[in-house]
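In what follows, a single structure is set out as structure tokens and then discussed.
The values are calculated or read from the model by the stated rules, or taken from the named source; none is laboratory data. This one's a predicted model, so the numbers in the text were calculated from it and none came from an experiment. We place every Cβ from the backbone using ideal geometry, glycine too, and count neighbours over all the protein chains shown. Keep in mind that these areas ignore ligands, DNA and RNA; they rest on the heavy atoms of the full protein, side chains included. Shrake-Rupley method; radii C 1.70, N 1.55, O 1.52, S 1.80 Å.
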Amino acid sequence: MSEDQDKYIAEVVEKALRGDMDAINNIEDRVTRSKAKAALIKAKRLSKTAAAEAAPAEETAQTDTTPTEKSLNQKVAESLEKKFSGSIDSEDVNEHIQLNGKNWFEIAQYLKDNPDLLFDSLQCITGFDFGEGEALEVRYNLHSMTHYHAIEIRIKTDRNDPKVPSVEQVWRIGDWFERETYDMYGIVFEGHHNMTRILCPEDWEGWPLRKDYETQETYHGIIVPKVKEGWE
Amino acid sequence: MGILENKFQDNVVVASLDKLLGWARSTSPWFFQFGLACCAIEMMATAASRYDLMRIGMIPRSSPRQADVMIVAGTVTMKMSLRVKKLYEQMANPKYVIAMGSCATSGGPYWQYGYHVLKGVDLVVPVDVYVPGCPPRPEALIEGLLKLQEKIQAERPLTKKIA
């Protein structure tokens, strides 16, 4: 049975590959028919991978000859350097752009209004604490609804006197983002119209997400840290 | 009711005033809905048609002045704790508190490191019944409510005053 069947299946698959599916569909025995179909799929897959292996070799050959295109980050960094010289802190702009906070409000307006960039959406503001004695940082994630591109801006600030210009007037959503960052890290955004806590109570002590934060003992006479020792 | 029982016609009931008051209070404890987190969903489910809290005489109220029972359903943050206390003080006597779920009983998942969470609502207001669970199923909440009804029924408000 098996050798004859194998030969028969191979024949039918060859026919089907040439476009004659009826050769398989007309097989009367169900087992043989399903085996033939499986063999056909296998054959097709083999030919596909062979083609795919051949293709990328050509592509790499092409990219080697053409000059590498500038990434968005490099483009943005260059245009910023041209317009606001001395505002970029770090040479490495592959993943994010490190600014020093100087002219940040004007830079934000430029990023939003420049027709090539059009970062009209501020997606997130994150605070960051590098630990004891180190700096605090603010990170902005910008996205353009027109060009579908995104960048990350980082601004470092001093731990003992953390101040960053507010961009609330540029992106309205920045209002609450900045208040939250202020609430958790104590970073003051200069020029914000209402720089108060947003989540914690207004008379809360300390900045909860800083690494050296210690919870206060009582709040209006209510004990804050865990008290019911025997419960664990 | 001892010697007086079955001495009158069918439509006359004899009871001590204490017990009568207990019965009346326990069978219509309107509750102050206090949905603070995911427990609120279970509390809503309990009050909705499938579990139907109305059959044990409970109606959700949005004002502390119309409520007898406060169901604290969810995580009480430090910011909220002052409000919880204030709302409890606005309720009319007699008033009861049910701490629903792990957060309200002990702080729940914020138990050790949650700087902003009150470690149990009993630090602020006196709690009558604790309902464990995260969140508790409606059956568990109903069990807690029935326990509270038992507790109310066992009270002797008039006797207490004389003693």
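A few points about this structure:
- Hits in region B:107-137 - residues which are farther than 24 Å from A:GLU202 by Cα, out of contact with any Phe, Trp or Tyr (no Cβ under 6 Å at 6 or more places or on another chain) and open to solvent by less than 60 Å² (accessible area, probe 1.4 Å): B:GLY108, B:VAL127, B:VAL129, B:VAL131, B:GLY133, B:PRO135, B:PRO136
- Every condition in (1) farther than 23 Å from A:GLN98 by Cβ; (2) within 11 Å of another protein chain (Cβ to nearest Cβ); (3) open to solvent by 20 Å² or more (accessible area, probe 1.4 Å) holds for A:PRO201 except the one numbered (3).
- Of all residues in region A:162-195, those satisfying the criterion of being under 23 Å from B:HIS116 (Cα atoms), away from chain B (no Cβ under 12 Å) and either in contact with a helix residue (DSSP H, G or I) (Cβ under 7 Å, 6 or more places away or on another chain) or open to solvent by less than 10 Å² (accessible area, probe 1.4 Å) (or both) are A:GLU178, A:THR181, A:GLY186, A:ILE187, A:VAL188, A:MET195.
- Residues located in region A:141-161, provided they are assigned to a loop (DSSP other than H, G, I, E, B) and surrounded by 15 or more Cβ atoms within 10 Å (Cβ to Cβ): A:SER144, A:HIS149, A:ARG159
- Counting only helices (runs of 4 or more DSSP H) that sit wholly inside region B:22-113, those with at least 3 residues that are within 14 Å of chain A (Cβ to nearest Cβ) are B:78-90, B:101-106.
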